[in-house]
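Here the structure comes first, spelled out in structure tokens, and everything after it is commentary.
The values are calculated or read from the model by the stated rules, or taken from the named source; none is laboratory data. Keep in mind that what you see is a predicted model, and the values were worked out from it rather than measured. So basically every Cβ, Gly included, is an ideal-geometry build from the backbone, and we count neighbours across all protein chains shown. SASA here: full protein model, heavy atoms, side chains in, ligands and nucleic acids out. Shrake-Rupley method; radii C 1.70, N 1.55, O 1.52, S 1.80 Å.
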Amino acid sequence: MFDKVLVANRGEIAIRIMRACRDLEVKSVAVYSDADKASLYTNYADEKYPLGNPSPQQSYLNIEKIIDIAVDSKADAIHPGYGFLAENPEFGKECEKNGITLIGPSGDVINKMGDKITSKQIMKKAGVPVIEGTEKGVSDIDTATKIAEDIGYPVIVKASAGGGGIGMRTVYEEDELIRAIESTQSVAKTNFGDSTVFIEKYLEKPRHIEFQVLADEEGNVIHLADRECSIQRRHQKLLEEAPSPIMTDELREEMGESTVKAAEYIGYTSAGTIEYLYDNGNYYFLEMNTRVQVEHPITEMVTNVDIVKEQIKVASGKELSYSQNDITVKGHAIECRINAEDPFAEFAPNPGKITAYRSPGGPGIRLDSGVYANYTIPPFYDSMISKLITYGNNRNEAILRMKRALGEYIVLGVKTTIPFHKAIIRNPNFLSGDLNTHFIDDNKNKIYEEMEVVIEEDLEYVNRLKSTFMPAKKIAAISTAVGSYLNEAKKKQPK
Ligand code: MV4
């Protein structure tokens with residue numbers, strides 16, 4: 001096992017990784033920008049080293065600085081978390097040159113899975129279902145027209161180098177095809193420096209279901225079942241659950257087998273995720289994420305496997321602690337991503353000082369947080385401040401616990417997505433498990449109406465807190481903050 005691991009990330013995921021290190025009795029090293037000197041993770045680590053200027057390019061994306069710190073601190077491995085350098089093959093090469101283990105898959109696999117056409121070709125060869133469409137890039141319009149006609153409209157034009165929802169256009173009739181191809185090519189060229197595009201059948205109301213993979217260096221590959229990730233807004237997930245409400249033992253067996261086959265075929269190591277689109281009883285490979293994901297805790301809750309711990313163990317050359325037969329899905333878990341964003345202003349980031357903070361607790365609650373009372377959220381990075389995860393023996397119990405936990409959770413001073421989550425958790429379509437990737441758009445009006453109700457309930461709750469530990473002055477401040485939020489919310493109702 002490693003003696004010391006440097007965590008090349010910040011916020012809640014940095015703490016999550018350091019917790020796994022501590023459980024393994026491995027020392028952890030934090031790197032922090034000037035904006036993260038007072039962050040929770042910075043001071044949780046056994047050692048901390050400054051990165052200087054807060055700009056991501058100069059701090060958490062600065063390969064040279066991070067490698068230098070790893071060498072100086074005598075760390076034998078680096079965990080990149082998600083985002084930043086997590087899927088950067090260049091970083092892996094630099095680690096290798098300096099004799100440092102990168103906790104993650106090989107650069108070769110990252111490259112292959114980063115290209116949508118390549119990954120789709122590979123998965124097709126591996127025998128994993130893929131969406132009907134072109135197997136290569138298309139550029140001439142005659143070929144494109146013929147292909148689209150064969151597949152049948154609607155089709156979708158996608159950039160091979162695309163990501164985060166950038167470089168995608170749906171086409172409902174032939175007239176729109178040329179323009180869609182040209183515009184996707186141009187967007188792809190600008191954003192990714194590669195104008196290659198391909199065409200697929202467009203699935204109109206699919207679910208996004210993904211499978212967690214773990215693989216060691218001995219060739220052992222297992223899957224940790226499914227997560228339902230359909231509830232997202234502009235390609236940012238808001239709420240995830242495990243298992244998917246539509247999952248059956250048979251479908252899990254089949255999709256799990258596909259997942260393991262896919263990972264085996266590419267010689268995958270470490271933790272990873274295979275994303276599928278599920279439509280009408282069929283599932284199709286969408287892409288592979290070659291990192292540990294934000295939503296990994298819901299899988300940890302229902303499988304009882306510590307994914308980050310396993311990831312560190314396999315990177316140190318140990319075998320996986322589990323075989324497929326050891327893995328069962330028990331109960332249900334839900335995660336709400338709590339962002340410092342204003343749901344009444346198009347989810348604009350709302351950094352600033354957290355003036356009052358109270359964590360939820362009790363049975364079935366897990367809070368992976370990167371913040372604390374009086375902490376100031378810096379404006380330079382992602383707006384996620386914590387992940388609230390609940391577990392129950394079944395979906396209904398997990399939902400009721402989420403309702404309770406969201407109700408207990410107080411974050412004041414900055415606007416958060418908590419009221420939005422409260423509204424989702426009461427939505428009838430959510431409650432019945434009727435989900436697809438258009439859930440937020442399709443339920444928008446209902447969600448915003450419900451938010452008014454939940455904010456009024458927040459006000460009542462804060463008033464009841466008067467007899468608790470908080471000084472009267474603080475209670476007054478909270479009441480004012482919640483009250484003004486309610487007024488604003490009423491003004492900003494979308495048409
Ligand atoms: C699709 C699709 C429907 N049909 N492909 C969005 C992100 C990118 N990685 C792939 N995406 C989609 N590809 C076909 N052939 C719908 C989406 C999609 C989506 C997928 C997963 C989760 C949320 C989504 C939201 C909008 C569109």
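Here is the figure for region 201-229: residues that are buried (at least 23 other Cβ atoms within 10 Å of the Cβ), over 20 Å from Asp249 (Cα atoms) and within 16 Å of the ligand (Cβ to nearest atom) total 0. You will find that of Asn393, Asn350, the residue that is farther than 27 Å from Ala472 by Cα and in contact (Cβ under 8 Å) with a residue 24 or more places away in the chain is Asn393 and no other.
Any chance you could count how many residues in region 1-10 are buried (at least 24 other Cβ atoms within 10 Å of the Cβ) and not in a loop (DSSP other than H, G, I, E, B)? Total meeting the criteria: 3. What are the residues in region 265-282 that are touching a helix residue (DSSP H, G or I) at 6+ places or on another chain (Cβ under 6 Å), open to solvent by 10 Å² or more (accessible area, probe 1.4 Å) and assigned to a strand (DSSP E or B), if any? Once the filter is applied, which keeps residues that are touching a helix residue (DSSP H, G or I) at 6+ places or on another chain (Cβ under 6 Å), open to solvent by 10 Å² or more (accessible area, probe 1.4 Å) and assigned to a strand (DSSP E or B), region 265-282 yields nothing.
Looking across region 93-123 at every residue that is under 25 Å from the mean Cα position of the chain (by Cα) and acidic (Asp, Glu), the one that is surrounded by the most Cβ atoms within 10 Å (Cβ to Cβ) is identified as Asp115. Candidates in region 124-140 are the residues that are farther than 15 Å from Asp279 by Cα and not in a loop (DSSP other than H, G, I, E, B); of these, the one that is most open to solvent (accessible area, probe 1.4 Å) is Lys125.
For region 41-79, residues that are closer than 19 Å to Asp23 by Cβ, open to solvent by less than 70 Å² (accessible area, probe 1.4 Å) and either part of a loop (DSSP other than H, G, I, E, B) or aliphatic (A, V, I, L, M) (or both) total 5. Among the residues of region 178-185, are any farther than 27 Å from Asp441 by Cα, touching a residue at least 24 places away in the same chain (Cβ under 8 Å), away from the ligand (no atom under 13 Å from the Cβ) and surrounded by 21 or more Cβ atoms within 10 Å (Cβ to Cβ)? Within region 178-185 (the criterion being farther than 27 Å from Asp441 by Cα, touching a residue at least 24 places away in the same chain (Cβ under 8 Å), away from the ligand (no atom under 13 Å from the Cβ) and surrounded by 21 or more Cβ atoms within 10 Å (Cβ to Cβ)), the answer is no, since none of the residues qualifies.
Matching residues to (1) within 12 Å of the ligand (Cβ to nearest atom); (2) modelled with pLDDT under 95; (3) under 22 Å from Pro206 (Cα atoms):
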position: Ser139; (1), (2), (3): no, yes, no
position: Ala144; (1), (2), (3): no, yes, no
position: Asp150; (1), (2), (3): no, no, yes
position: Lys158; (1), (2), (3): yes, no, yes
position: Met168; (1), (2), (3): yes, no, yes
position: Val171; (1), (2), (3): yes, no, yes
